[in-house]
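In what follows, a single structure is set out as structure tokens and then discussed.
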Amino acid sequence: MLNKLKKSLKGEKKMLKFNDDFNNTLGIEIELISKVDREELYSILESNGDSYTFTTRSYTHEVVSGWKVVTDSSLNISSSEERQGFKYGLEIVSPILNKETFGQTQIILDLLQGDSRFKVNVNCAVHVHFGAKNLPLDVLKGAIKNYVKHETAIKSTLPNSRRDRGYNQSMTIGMEVKDVRLQVQKLFGKINRANNHEALARTFRNHFQDVSLSSYFRQGTIEFRAHGGTLDFEKVNNWVVFLSNLFQAKNKLGNKSHSITARFGKVWEESKKHNFERTFFYLLNRNHEALEWFKSRAESVNREVS
């Protein structure tokens, strides 16, 4: 299942692999619109669950030991979608997972993707949480820095609807400076000044930024909010694997802001290709298959009309 090539009517799918030494916990939230209500979706998933467990029928935002289904009032449904029978905005929330149990997500998504009662629209998202409380502070800082300095390339693999909207705001939103290097310097300065996990969490407490620590005090996690809604496990898997590498990639910039200018110099400014390959090749351990997959993804979303 997980990490294997998979044949489908759309062709061969490539599931990227977690690194062997990735041992962090993670969680996932899948937003969708539905023709059936929360209770019925719960019943559908529960009756098909052979490798995962739903532990509560109650509406709750508490962390529970199994998967759960909650309503989501933020998911706007268009009049056209309403005429098609879509009435409910719902969210499927995982328990605390690891790389071995993450394959439960595929069972659920494969079930939903083949069912006309469920779909996603531009308001839907996939949110990913990683455990943060037990991470060394420099690792947590490094993950945020890696996202910040590669944000332009990362955004190029996502549709326009996910590039800077109300519920997923760019890390540089509200910044007066337009020069990317100055933006990075300013954000790195904020990260460097945090001398403990709580200070870092307060610095990135904006719940709607692409990388948010607003969930740190409640759940002990860091949340990545940029990915759009999808029921395609290939897209979800490869996004989550990419994010997992942000915690493991060596932060060559260290804590010295003056080295940013050298790293983000003329070549970086003038070459989107250079920037993209640095993001999806070097951050993914020089993985050529990963680079080709994200190239294809970027080409696909940039052909779409937002």
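The values are calculated or read from the model by the stated rules, or taken from the named source; none is laboratory data. A quick note: this is a predicted structure, and the numbers were derived from the prediction, not measured. Here the Cβ is made from the backbone with ideal geometry for all residues, glycine too, and neighbour counts use every protein chain on show. Accessible surface areas use protein heavy atoms only, side chains included; no ligands, DNA or RNA. Shrake-Rupley method; radii C 1.70, N 1.55, O 1.52, S 1.80 Å.
When the residues of the stretch 176-190 are narrowed to those that are open to solvent by 70 Å² or more (accessible area, probe 1.4 Å) and assigned to a helix (DSSP H, G or I), which ends up modelled with the lowest pLDDT? Once the filter is applied, the top-ranked residue is 182.
Where helices (runs of 4 or more DSSP H) fall wholly inside the stretch 83-160, the ranges with 1 or more residues that are within 30 Å of residue 195 (Cα to Cα) and open to solvent by less than 60 Å² (accessible area, probe 1.4 Å) are 137-149, 151-155.
From the list 16, 9, 112, the one residue that fits, being at pLDDT below 90, within 17 Å of residue 232 (Cβ to Cβ) and of a type in the set (A, V, I, L, M, F, W, C), is 9. Of all residues in the stretch 30-54, those that are surrounded by 14 or more Cβ atoms within 10 Å (Cβ to Cβ) and either part of a helix (DSSP H, G or I) or modelled with pLDDT under 75 (or both) total 11.
Checking each residue in the stretch 161-175 for being closer than 21 Å to residue 188 by Cβ and crowded, with 21+ Cβ neighbours inside 10 Å picks out only 171. When restricted to residues that are open to solvent by 30 Å² or more (accessible area, probe 1.4 Å), without any contact (Cβ under 8 Å) to a residue 60 or more places away in the chain and not in a loop (DSSP other than H, G, I, E, B), the stretch 191-211 contains 4.
Beta carbons closer than 6 Å, at least 6 apart along the sequence or on distinct chains, pair a first residue in the stretch 111-128 that is within 15 Å of residue 45 (Cα to Cα) with a second that is not in a strand (DSSP E or B) for 111/48; 112/231; 113/231; 117/35; 117/36; 118/112. Within the stretch 212-224, being surrounded by fewer than 21 Cβ atoms within 10 Å (Cβ to Cβ) and in contact with a strand residue (DSSP E or B) (Cβ under 9 Å, 6 or more places away or on another chain) holds for 214, 215, 219, 220. The number of residues in the stretch 72-82 that are open to solvent by 40 Å² or more (accessible area, probe 1.4 Å) and among the acidic types (Asp, Glu) comes to 1.
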